[in-house]
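Asker: The structure's right below; bear with me while I get my questions together.
The values are calculated or read from the model by the stated rules, or taken from the named source; none is laboratory data. All figures in this text were calculated on a predicted structure; none of them were measured in a lab. Quick reminder, even Gly has a Cβ in these numbers, built from the backbone with ideal geometry, and neighbours come from all protein chains shown.
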Amino acid sequence: MIKNIVFDIGRVLLDYQPMTFLKDIGVAQKERMTLNELIFKNDLWLQLDRGTITKDEAIQIYCTMAPLHTERIHQIMNTWPQMLTLIEGTVELLRELLEKGYDVYLLSNFQEDGFQQICNKFSFLGEVKGRVISYEAKLLKPEKEIYHHLLEKYNLIPEETVFIDDLEENIEAATKIGIYGIVFENAQKTREYLKTIGVKL
């Protein structure tokens, strides 16, 4: 019987579209790909998620790598959490699960500065029973250790737990240790799948 529902944050609860964000803040088309690759697809971003470097350290390295873009780098690194907007239906689903008595958790790769900003902006993130965030745990999905850390921290039984994430590799890692997994497409499909495994909605 499912008792625990675990949500990823980015592209499950909050939409995350760096290229659209860069366009919205006025970055020229020819620069968008360069800055997207430099910042959001760089290994430094994963180090920020893991909590092994600070935002200021990352900015300094980015600026050394691309000295012609220093102003944009500072702007992007200080404002990127603004791109995160609610995904239709998922927060409502989370709150409905809480009302039905399920224990709801967060499991997400996220850096400290951005996470603090979204917690201040979106109150529902504080309504869950618990969380494992990568920068706090110094672990990243899909490393198996982060899933074990979640289970051990909150005394969860894998077979009573379902994890919702937008990336198939993160779901595969969870299912390998016995957690039910749902690759997120939209809130309605997630709701229907939860019903098929016995979640009462």
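Asker: Exactly one condition in (1) hydroxyl-bearing (Ser, Thr, Tyr); (2) surrounded by 19 or more Cβ atoms within 10 Å (Cβ to Cβ); (3) in the same structural domain as ASN170 (by TED's automatic domain parsing) is not met by TYR62; state its number.
Answerer: The single condition TYR62 does not satisfy is (3).
Asker: A follow-up question, please. I'm told ILE61 meets every condition in (1) free of Cβ contacts under 8 Å to residues at least 40 places away in the same chain; (2) under 30 Å from GLU127 (Cα atoms); (3) hydrophobic (A, V, I, L, M, F, W, C); (4) not in a loop (DSSP other than H, G, I, E, B) except one. Can you identify the failing condition by its number?
Answerer: Here ILE61 clears every test but (2).
Asker: Oh, and also: Looking only at segment 148-161, decide whether some residue is within 14 Å of the chain's Cα centre (by Cα), under 24 Å from PHE115 (Cβ atoms) and hydroxyl-bearing (Ser, Thr, Tyr).
Answerer: Looking through segment 148-161, none of the residues is within 14 Å of the chain's Cα centre (by Cα), under 24 Å from PHE115 (Cβ atoms) and hydroxyl-bearing (Ser, Thr, Tyr).
Asker: Please identify the pairs in which a residue from segment 5-20 that is free of Cβ contacts under 8 Å to residues at least 24 places away in the same chain has its Cβ atom under 8 Å from the Cβ atom of a residue that is of a type in the set (D, E, K, R) and surrounded by fewer than 18 Cβ atoms within 10 Å (Cβ to Cβ), counting only partners at least 6 apart or on another chain.
Answerer: Qualifying pairs under 8 Å: MET19/ARG32.
Matching residues to (1) in a loop (DSSP other than H, G, I, E, B); (2) of a type in the set (Val, Ile, Thr):
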position: ILE2; (1), (2): yes, yes
position: ILE5; (1), (2): no, yes
position: VAL12; (1), (2): yes, yes
position: THR20; (1), (2): no, yes
position: GLY26; (1), (2): yes, no
position: LYS30; (1), (2): no, no
position: MET33; (1), (2): no, no
position: ASN36; (1), (2): no, no
position: LEU44; (1), (2): no, no
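Asker: Does segment 112-131 include one or more residues that are in a loop (DSSP other than H, G, I, E, B), under 21 Å from LYS55 (Cβ atoms) and of a type outside the set (Ser, Thr, Tyr)?
Answerer: yes
Asker: Go through segment 133-178 and give me each residue that's in a loop (DSSP other than H, G, I, E, B), farther than 19 Å from LEU194 by Cβ and not hydrophobic (A, V, I, L, M, F, W, C).
Answerer: Answer for segment 133-178, where residues must be in a loop (DSSP other than H, G, I, E, B), farther than 19 Å from LEU194 by Cβ and not hydrophobic (A, V, I, L, M, F, W, C): LYS138, LYS141, PRO142, GLU143, ASN155, LYS176.
Asker: Could you say whether any residue in segment 112-126 is over 26 Å from LEU86 (Cβ atoms) and surrounded by 13 or more Cβ atoms within 10 Å (Cβ to Cβ)?
Answerer: No - not one qualifying residue is present in segment 112-126.
Asker: Checking the conditions here, which among TYR102, TYR16 is touching a helix residue (DSSP H, G or I) at 6+ places or on another chain (Cβ under 7 Å) and surrounded by 14 or more Cβ atoms within 10 Å (Cβ to Cβ)?
Answerer: Checking each option against the conditions leaves just TYR16.
Asker: Among the residues of segment 51-60, is any under 24 Å from ILE146 (Cα atoms), at pLDDT 95 or above and charged (D, E, K, R)?
Answerer: yes
Asker: Here are some conditions: (1) touching a Ser or Thr at 6+ places or on another chain (Cβ under 8 Å); (2) over 22 Å from LEU84 (Cβ atoms); (3) touching a residue at least 60 places away in the same chain (Cβ under 8 Å). VAL162 meets all but one. Which one does it not meet?
Answerer: (1)
Asker: Would you please name the residue that is surrounded by the most Cβ atoms within 10 Å (Cβ to Cβ), looking only at residues in segment 131-170 that are in contact with a helix residue (DSSP H, G or I) (Cβ under 7 Å, 6 or more places away or on another chain) and over 16 Å from TYR105 (Cβ atoms)?
Answerer: Result: TYR135.
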